[in-house]
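Notes for the one structure printed next.
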Amino acid sequence: MIALLLRDLKLALRAGGGFGLGLAFFLIVTVLVPFSVGPQSSLLSTIAPGVLWLGALLACLLSLDRLLALDWEDGSLDLLATAPLPLETVVTVKALAHWLTTGLPLVLAAPFLGVLLNLPVPGFLWLVVSLLLGTPAMSVIGTFGAALTVGLKRGGLLLSLLVLPLYVPTLIFGAEVARRGATGMETQTPLLMLAGITAATVALLPFASAAVLRINLR
Amino acid sequence: MTLTVTDLAIARGGVPVLEGLSFALQPGKALILRGPNGIGKTTLLRTLAGLQRPLAGRIEGAEDQIAYASHSDGLKPTLTVIENLSFWASVFGTRDIQPALDAFALNELSDRHAGNLSAGQKRRLGLARMLVTERPIWMLDEPTVSLDKNAVQMFADAVRAHLGQGGSALIATHIDLGLNGEVLDVGPNKAKPKPIDDFDGGFL
């Protein structure tokens, strides 16, 4: 289990592994927003939580199609399925590796990009907290989508279409936490909803991912 | 552990390819799988390895016993030979990968990235994976593709050593490996294993 996690982290960090792809995309989106909507700082600070959350979500989405596809193409998914590791563990570890290489860097980068969008000071803490709570759900849901589309040629588009509606609740409540935090409002309700969604997806979706992977490997 | 297959029927893409297949693979024995292209040899190996469900029939003694090598070796091009092999060793809970490196003469290549290996060297690394699984039943699908004469000999020696330690192997191949194994000829929709008719008789 640890071996699989370490291998995936190593693969992501080595040349061509795709580490930093999501981060670069996140940076590009947030840097370009002030150019497209205009430099009024009041407008930017109003839309900052939503833009940052949307940017993080799309950056996450960008790296999903490689999550299982590479292992499928080189045959290691077949070999992992015949190994002593249960597929539930395999998909959980894959989601964890995806979060560590994509989700966590986005969480850490978000405050710096918040400065570019004139995010109000109280919003920084809530932005980080909401992303920290929300990004694991995005990795787990993404792994489910990747398991559904593994083996399909050009499955990336279908994967995005499948995953996008599943991301909507996380986006709604995550962005709401950050928005309320930035304007000094009470954040408890959306925060609990966000935490609930993450807890439920992390607990249940690995079983669904393993089940569809089993069917897809046949 | 004996692998026993009884009245097995398998399908590829929903189309039945083999039916009525019965054989037993005993410890220390190799079974060479022969048959024309598209007859279902790969499907049979995948079914026995648990990657596919059979249409009908029983497979006994396969649970957690099979090391499977498909056409592709599951190698990561940006990892070195040692890293690739160590990964599979950890997955299967094996500590020592040195015997596997020795058996397929991979010591000199150990620090090379798998992406820089030739096709034959990659295949050798893929086959070395079988040794680190430490599982008794090997299922090999065309293992000698892109291997040169020496490497084929290396592979045959490794299989012989594996059989000598009480393991068994089911190998789909068209070349003569010089193994003391029985041959299972599979034909369209019917498999007739010659040397174990008596065994079949027991079931029929």
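The values are calculated or read from the model by the stated rules, or taken from the named source; none is laboratory data. Everything numeric in this text was worked out from a predicted model, so none of it was measured. With ideal geometry, Cβ positions are generated from the backbone for all residues, glycine too; neighbour counts draw on all protein chains shown.
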*Check off (1) surrounded by fewer than 22 Cβ atoms within 10 Å (Cβ to Cβ); (2) closer than 30 Å to A:Gly184 by Cα for A:Leu106 and give me the number that stays unchecked.*
(1)
_Close pairs from segment B:110-125: first outside the structural domain of B:Leu147 (by TED's automatic domain parsing) and under 21 Å from B:Val152 (Cα atoms), partner in a helix (DSSP H, G or I) and small (Gly, Ala, Ser), Cβ under 6 Å, at least 6 apart_ = B:Gly120/B:Ala151; B:Arg124/B:Ala151
*Would you pick out the residues in segment A:141-194 that are under 13 Å from the mean Cα position of the chain (by Cα), hydroxyl-bearing (Ser, Thr, Tyr) and buried (at least 20 other Cβ atoms within 10 Å of the Cβ)?*
A:Thr143, A:Tyr167, A:Thr170
*All positions within segment A:72-93 that are in contact with a Ser or Thr (Cβ under 6 Å, 6 or more places away or on another chain) and more than 7 Å from chain B (Cβ to nearest Cβ)*: A:Val91
*If you go through segment A:143-154 one residue at a time, do you hit one that is out of contact with any His (no Cβ under 9 Å at 6 or more places or on another chain) and within 16 Å of A:Ala195 (Cα to Cα)?*
no
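Kindly evaluate B:Arg95 against the criterion of being in a loop (DSSP other than H, G, I, E, B) and closer than 20 Å to A:Pro86 by Cα.
Details: in a loop (DSSP other than H, G, I, E, B): yes; closer than 20 Å to A:Pro86 by Cα: no.
In short, no.
Of everything in segment B:43-53 that's farther than 17 Å from B:Val91 by Cβ and buried (at least 22 other Cβ atoms within 10 Å of the Cβ), which residue is farthest from the other protein chains (Cβ to nearest Cβ)? Outline the logic, then answer.
Going residue by residue through segment B:43-53, those that are farther than 17 Å from B:Val91 by Cβ are B:43-48, B:52-53.
Then keep just the ones that are buried (at least 22 other Cβ atoms within 10 Å of the Cβ); that gives B:44-48.
Working: B:Leu44: 14, B:Leu45: 11, B:Arg46: 8, B:Thr47: 10, B:Leu48: 10 Å.
So, considering only residues that are farther than 17 Å from B:Val91 by Cβ and buried (at least 22 other Cβ atoms within 10 Å of the Cβ), the one farthest from the other protein chains (Cβ to nearest Cβ) is B:Leu44.
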*B:Gly61: at pLDDT below 85 and in contact with a strand residue (DSSP E or B) (Cβ under 7 Å, 6 or more places away or on another chain), yes or no?*
yes
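Every residue, every condition in (1) modelled with pLDDT of 90 or more; (2) closer than 18 Å to B:Ser90 by Cα, yes or no:
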site: A:Ala3; (1), (2): no, yes
site: A:Ala12; (1), (2): no, no
site: A:Leu70; (1), (2): no, no
site: A:Leu87; (1), (2): yes, yes
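Is it true that B:Gly74 is modelled with pLDDT of 85 or more and either crowded, with 21+ Cβ neighbours inside 10 Å or out of contact with any strand residue (DSSP E or B) (no Cβ under 6 Å at 6 or more places or on another chain) (or both)?
Values: modelled with pLDDT of 85 or more: yes; either crowded, with 21+ Cβ neighbours inside 10 Å or out of contact with any strand residue (DSSP E or B) (no Cβ under 6 Å at 6 or more places or on another chain) (or both): yes.
When the stated conditions are applied, B:Gly74 passes them.
For segment B:27-40, indicate whether the set of residues that are farther than 18 Å from B:Gly126 by Cα and within 10 Å of chain A (Cβ to nearest Cβ) is non-empty.
Initial filter on segment B:27-40 (farther than 18 Å from B:Gly126 by Cα): B:27-40.
Going one step further and asking which of them are within 10 Å of chain A (Cβ to nearest Cβ), we end up with none.
No, that holds for no residue.
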*Out of curiosity, is B:Ser86 hydroxyl-bearing (Ser, Thr, Tyr) and within 16 Å of A:Leu77 (Cα to Cα)?*
no
*Scanning for something surrounded by 15 or more Cβ atoms within 10 Å (Cβ to Cβ), over 30 Å from A:Ala69 (Cβ atoms), in contact (Cβ under 8 Å) with a residue 24 or more places away in the chain and away from chain B (no Cβ under 14 Å), does segment A:211-218 turn up at least one residue?*
no
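Mind checking whether some residue in segment B:1-20 is closer than 19 Å to B:Arg129 by Cα and within 14 Å of the chain's Cα centre (by Cα)?
Residues of segment B:1-20 that are closer than 19 Å to B:Arg129 by Cα, as a first pass: none.
No; the residues of segment B:1-20 include none that is closer than 19 Å to B:Arg129 by Cα and within 14 Å of the chain's Cα centre (by Cα).
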*Restricting to segment A:1-16, what's the tally of residues that are at the interface with chain B (Cβ under 7 Å from one of its Cβ atoms) and not in a helix (DSSP H, G or I)?*
3
*Test each condition in (1) farther than 30 Å from B:Leu48 by Cα; (2) under 15 Å from the mean Cα position of the chain (by Cα); (3) away from chain B (no Cβ under 14 Å) for A:Phe19 and report the one that comes out false.*
(3)
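Can you confirm whether segment B:60-68 contains a residue that is more than 12 Å from B:Arg129 (Cα to Cα), in contact (Cβ under 8 Å) with a residue 24 or more places away in the chain and not in a loop (DSSP other than H, G, I, E, B)? Walk me through it before giving the result.
Let us first name the residues in segment B:60-68 that are more than 12 Å from B:Arg129 (Cα to Cα), namely B:60-66.
The next check asks that each one be in contact (Cβ under 8 Å) with a residue 24 or more places away in the chain; those that pass are B:60-62, B:64-66.
Right, trim to not in a loop (DSSP other than H, G, I, E, B) and you get B:60, B:66.
There is at least one residue in segment B:60-68 that is more than 12 Å from B:Arg129 (Cα to Cα), in contact (Cβ under 8 Å) with a residue 24 or more places away in the chain and not in a loop (DSSP other than H, G, I, E, B).
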*asked:* When the residues of segment B:91-113 are narrowed to those that are more than 20 Å from the chain's Cα centre (by Cα) and polar (S, T, N, Q), which ends up farthest from the other protein chains (Cβ to nearest Cβ)?
replied: B:Asn107
_Consider segment B:54-70. How many of its residues are more than 21 Å from B:Glu182 (Cβ to Cβ), surrounded by fewer than 17 Cβ atoms within 10 Å (Cβ to Cβ) and more than 7 Å from chain A (Cβ to nearest Cβ)?_
3
_Residue tally, condition without any contact (Cβ under 8 Å) to a residue 12 or more places away in the chain and either surrounded by 17 or more Cβ atoms within 10 Å (Cβ to Cβ) or assigned to a helix (DSSP H, G or I) (or both), over segment A:18-41_ = 6
